[in-house]
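The values are calculated or read from the model by the stated rules, or taken from the named source; none is laboratory data. This structure is a prediction, so every number in the text was calculated from the model and none was measured. Here the Cβ positions follow ideal geometry from the backbone for every residue, glycine too, while neighbour counts run over all protein chains shown. Ligands, DNA and RNA are stripped out before the accessible areas are found, and what is left, the full protein with its side chains, is counted by its heavy atoms. Shrake-Rupley method; radii C 1.70, N 1.55, O 1.52, S 1.80 Å.
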Amino acid sequence: MAKVGEVKLIGAWPSPFVMRPRIALNLKGVEYEFLEEKFGGKSDLLLRSNPVHKKIPVLLHADRPICESLVIVQYIDKSWPSSGPSILPSDPYDRAIARFWAAYIDEKWFPSMSGIARAQGEEAKKAAIDQVAEGLSLLEDAFGKISKGKPFFGGDAIGFLDIALGCFIGWLRVTERTQGVKLLDEAKVPGLAKWAGRFCADGAVKGVMPETEKLAEFAKLIMGKFKAPPPQ
Amino acid sequence: MADEVILLDFWPSMFGMRCRIALAAKGVKYEYKDEDLRNKSELLLKMNPIHKKIPVLVHNGKPVCESLVILQYIDETWSDKCPLLPSDPYQRAQARFWVDYVDKKFYELGRKVWSTKGEEQETAKKEMIESLKLLEGELGDKPFFGGEKLGFLDVAIVPFSTWFYAYEMCGNFSLEAECPKFMAWTKRCMEIESVSKSLVDPHKVYGFVLQLKKAFGIE
């Protein structure tokens with residue numbers, strides 16, 4: 001059991017990457033102090049705790065920093081093994097599949113998402129949106145194979161891959177609204193569309209997934225200031 | 001039932017070399033298949049339809065893709081010998097963090113050093129040395145990143161050293177002079193059989209890089 005004050009998370013409410021460890025900590029029932037970074041600046045604590053990348057999230061466990069969202073999630077899973085369900089699958093092959101898709105999401109799919117905001121002109125925007133949709137189609141396929149009819153990638157409960165993808169649902173909904181497209185389309189990706197609803201309704205997610213309205217307002221603010229993709 | 005293990009690979013690939021080292025360290029018998037990346041095999045396209053890339057580990061017909069995913073799979077499946085990831089969660093997190101750092105920075109920097117010129121190349125050279133110095137800091141006084149023995153981070157990084165000669169020749173600089181501690185670590189790794197028999201000759205890698213430069217019309 002973590003002592004009060006022993007677990008801290010440096011982050012920011014709009015960041016999908018920060019959401020990942022928050023969901024993991026919630027799944028494990030671990031209390032933590034959320035140290036919110038102000039937008040536009042980086043605290044001394046952040047710079048000291050993550051000198052290499054200077055990015056959020058950073059987990060501080062008994063003052064030792066752990067960086068990189070999925071590294072943190074795996075750390076949480078190993079550090080509180082008897083609390084809550086196992087976040088990573090128990091079988092090595094299933095773990096390899098989950099890690100493969102998490103890497104795909106971070107290295108290919110998320111950059112295509114940020115590509116939408118960066119695209120200049122109608123044609124480029126459409127191409128960017130198509131890329132994201134293509135990725136979701138692959139993930140839909142993966143969901144079918146991995147969930148095997150259960151509600152989540154992780155089976156009966158939220159797992160590693162659910163967290164890796166689910167954290168982007170808020171921003172996906174904002175993108176749907178601002179671009180006037182349907183990405184989590186029940187017709188094209190029915191499995192994922194229903195999964196998204198279940199994910200957001202889960203007790204471990206509800207408190208940390210921002211309301212689409214709030215995110216959309218935030219998006220307008222930063223687009224206006226920087227013409228930049230969603231923050232990390 | 002005997003395990004059937006196949007590694008789809010390409011001889012100069014640093015990512016492939018990682019898998020070769022891990023399999024050798026664990027004493028796993030496997031079939032090595034060298035791919036022609038300009039003419040990818042049916043098997044590769046079937047086993048890695050998403051990325052169509054090597055390395056791919058095929059274990060009893062089931063594919064595992066992405067070198068770091070493969071490394072962890074090998075570590076977890078053949079767990080009785082030579083554990084690569086430490087058992088302590090914090091040390092595991094540190095090892096994973098640094099491997100992620102190497103993958104994000106190093107490969108791209110290396111590519112820039114051998115394939116660009118002028119300011120872009122100079123910047124890449126400088127950043128490469130900075131990266132290696134950062135890793136030297138992480139190594140500290142330990143013989144290996146894994147401590148007394150070869151670990152996850154050692155296996156993940158050491159294959160890049162086979163490309164250093166090519167970087168030095170193309171970039172006209174000496175990594176040995178700039179980062180002697182890192183080079184000393186490389187030599188220590190090479191004394192281990194599973195490493196030395198899995199890594200390729202740096203001169204052959206340089207030959208390959210020269211071929212690539214010719215093919216891409218790079219001076």
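Quick notes
- Nitroxide proxy distance, nm - points 7 Å out along Cα→Cβ at A:Glu211 and A:Ser114: 2.8
- Once the 1.4 Å probe is applied to the protein heavy atoms, chain A comes out at 46 Å² accessible per residue.
- Shielding of peptide A:94-103 by partners, expressed as the average count of other chain Cβ atoms within 10 Å per residue Cβ, is 6.
- Rounded accessible area of B:Tyr30 (nearest 10 Å², 1.4 Å probe): 70
- log10 of Debye I(q)/I(0), alpha-carbon scatterers only, for region B:84-179 at 0.11, 0.17, 0.24 Å⁻¹: -0.34, -0.74, -1.25
- Average accessible surface area per residue within chain B, 1.4 Å rolling probe, Å²: 47
- Peptide B:92-100 is shielded by partner chain Cβ atoms: per residue, an average of 6 of them sit within 10 Å of its Cβ.
- Of the residues A:Ser82, B:Ser174, the one with the largest accessible area comes first in the ranking A:Ser82, B:Ser174, computed with a 1.4 Å probe on protein heavy atoms.
- The protein assembly as shown, helix-only ellipticity at 222 nm - DSSP H runs n ≥ 4, -39,500 (n - 2.57), divided by all residues, nearest 500: -17000 deg cm²/dmol
- Accessible area of the protein assembly as shown belonging to carbon and sulfur atoms, whole % at 1.4 Å probe: 53
- Mean separation of Cα contacts under 8 Å, 6 or more apart, over the residue count of region A:1-95: relative contact order %: 33
- Taking every alpha-carbon pair under 8 Å whose residues sit at least 6 apart, chain B reaches a relative contact order of 22 percent.
- Length-normalised contact order for region B:163-219 - Cα pairs under 8 Å, 6+ apart - percent: 45
- Residue ranges B:131-144, A:108-121 sort as A:108-121, B:131-144 when ordered by packing (mean number of other C-beta atoms within 10 Å per residue, highest first).
- Quarter the surface of the alpha carbon convex hull of chain B and you get the mean projected area, 12.4 square nanometres.
- Distance from the alpha carbon centroid of region B:3-74 to that of region B:137-156 works out to 24 angstrom.
- Taking all protein chains together and rolling a 1.4 Å probe, A:Cys67 ends up with roughly 10 Å² accessible.
- In the context of the full protein assembly, A:Glu107 retains an accessible surface of approximately 120 Å², using a probe radius of 1.4 Å and ignoring ligands and nucleic acids.
- Gyration tensor verdict on the protein assembly as shown (Cα atoms; rounded if a/c is under 1.5, prolate if a/b is larger than b/c, oblate otherwise): rounded
- Pairwise burial A:B, computed as accessible area of each alone minus the pair, summed, 1.4 Å, Å²: 2200
- Packing, taken as the mean count of other beta carbons within 10 Å per residue, orders the peptides B:51-57, A:22-28 from highest to lowest as A:22-28, B:51-57.
- Put the Cα centre of region A:78-147 next to the Cα centre of region B:173-217 and the gap is 34 Å.
- In chain A the Cα-Cα distances spread across 10 Å bins starting at 0 as 7, 33, 37, 20, 3, 0 percent of all pairs.
- Shielding by partners - mean other protein chain Cβ count within 10 Å, residues of B:138-144: 0
- Surface listing: B:His59, B:His203 arranged by accessible area from highest to lowest gives B:His203, B:His59, probe 1.4 Å.
- Taking the chain by itself as reference, region A:33-61 contains these residues with an accessible-area loss of 10 Å² or more in the full protein complex (1.4 Å probe, heavy atoms): A:Val52, A:His53.
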